[in-house]
Structure formats: C-alpha cells, structure tokens
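Any read-out appearing in this document is the output of simple, stated calculations on the displayed coordinates, not a laboratory observation. Just so we're clear, the structure is a prediction, and the values are computed from it rather than from any experiment. So basically every Cβ, Gly included, is an ideal-geometry build from the backbone, and we count neighbours across all protein chains shown.
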Amino acid sequence: MCDELVSMIEHMFTEEEAEVAHCLKPWRPMTAKKLATAAGRPLQEVEAMLDVLAHEKHVLFSFGGGDKERIFKERYLILHNSSSRRPPLY
C-alpha cells in the first residue's frame, strides 16, 4: 500500500472504528447488534461508533431507523490499472 492510501484510511477511521468496520462485508447490511456480536464489543459502544461513522464522518452507509437501521460499507479500494483495456464505467 502506498503511504498516501494509508494516510487517507488513518484519517477516516480510528483504530477501534477500523476494527469494527472490518467486520462488515461490502454491500451486506448488518444491524448494530449483529455487528457488536461479530466484533466482540458492547452494543452501546458499537452503536455510538456507527452513529459517528455513518452520520458524521459519512464513511459508512445506513438505511432504516431505530432497531431496524442497517449499516453497510462499499468497496473503498478500487484499484485502476491504466493499461487496462476495459472501457470506463459511468
């Protein structure tokens, strides 16, 4: 990984947030409760983290509300090879 990419990710997430976000699979929504279980962290801690990540930092996505709110991430790192012959996606 290049230094710029590492710097960007460090700017987006604290170490604790990164550990929790790592438990999310791209485009597979989870509730805070399921994510807390997967991350082995208390539910209230994960709910607070997700609120910041989804509603303040905007690095995760959410839909629904209350107990039905689902959080998900997209694929952050899409590598592009300039020698690729694939047409660009619009």
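Points worth noting:
- Counting neighbouring Cβ atoms within 10 Å and putting the fewest first, the residues E15, E10, E47 line up as E15, E10, E47.
- In straight-distance terms, cross-link reach from K33 covers every one of the lysines whose alpha-carbon lies under 18 Å from its own, apart from those fewer than eight places away in the same chain; here that gives K25, K68, K73.
- Look at I9, I71 and count the other Cβ atoms within 10 Å of each Cβ; fewest to most, that gives I9, I71.
- Across all Cα pairs in the range 3-72, the calculated P(r) in 5 Å bins from zero up to the longest distance comes to 3, 17, 30, 27, 14, 6, 2, 0 percent per bin.
- Additional length obtainable on full extension of the chain from W27 to F63, 0.36 nm per residue less Cα span: 11.7 nm
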